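Asks: The structure's right below; bear with me while I get my questions together.
The values are calculated or read from the model by the stated rules, or taken from the named source; none is laboratory data. Note that the coordinates shown come from a computational prediction; the quantities given were computed from them, not determined experimentally. Every residue, glycine among them, receives a Cβ derived from its backbone with ideal geometry; neighbour counts consider all protein chains shown.
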Amino acid sequence: MANNDVAVRFNKVSFEYGHDKPILDEVSFSLRRGTKMTLMGQNGAGKSTILNLITGELKAHDGSIFLDDRLKIAYAKQVIPRDQLDLTVKEFFEKCFDEKICEFESAS
């Protein structure tokens with residue numbers, strides 16, 4: 001995969017929260033620009049850790065992470081703030097971005 005097609009690349013990334021509690025052990029993967037991805041797994045499998053590494057909230061202990069400078073990240077947490085409970089799904093996700101990046105089609 002050419003570098004100019006890559007939005008996110010993990011190269012042998014390792015991370016642990018405490019001694020002898022590895023969450024990620026030499027994880028490698030690439031995502032092309034335009035890819036839609038879902039992270040699924042059991043509690044403690046590393047889903048939030050991967051997202052926090054991508055957003056920069058956490059730093060890898062080993063390996064490298066490449067992020068395209070043009071990458072835009074939206075992160076919807078499991079708990080919606082009370083002041084946003086009345087928003088539609090469309091309105092909620094539009095608040096995640098500074099600019100309009102996609103069109104939502106009506107199912108009617």
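Asks: Within the stretch 54-84, how many residues turn out to be under 17 Å from Asp5 (Cβ atoms) and either at pLDDT below 80 or part of a loop (DSSP other than H, G, I, E, B) (or both)?
Replies: 5
Asks: What are the pairs with Cβ atoms under 6 angstrom where one residue, in the stretch 1-25, is closer than 21 Å to Asp68 by Cβ and of a type in the set (S, T, N, Q) and the other, located anywhere, is modelled with pLDDT of 95 or more and surrounded by 13 or more Cβ atoms within 10 Å (Cβ to Cβ)? Sequence gap at least six, or different chains.
Replies: Asn11/Gly63
Asks: Take the residues in the stretch 26-53 that are in contact with a Phe, Trp or Tyr (Cβ under 9 Å, 6 or more places away or on another chain) and among the β-branched types (Val, Ile, Thr), then tell me which one is farthest from Leu71 (Cα to Cα).
Replies: Val27
Asks: Also, I was wondering about something else. Working only within the stretch 24-44, note down all residues that are over 14 Å from Ile54 (Cβ atoms) and either in a strand (DSSP E or B) or basic (Lys, Arg) (or both).
Replies: Correct list: Asp25, Glu26, Ser28, Arg32, Arg33, Lys36.
Asks: If Leu51 satisfies all but one of (1) modelled with pLDDT of 90 or more; (2) within 16 Å of Lys72 (Cα to Cα); (3) in contact with a strand residue (DSSP E or B) (Cβ under 9 Å, 6 or more places away or on another chain), what's the number of the condition it fails?
Replies: (3)
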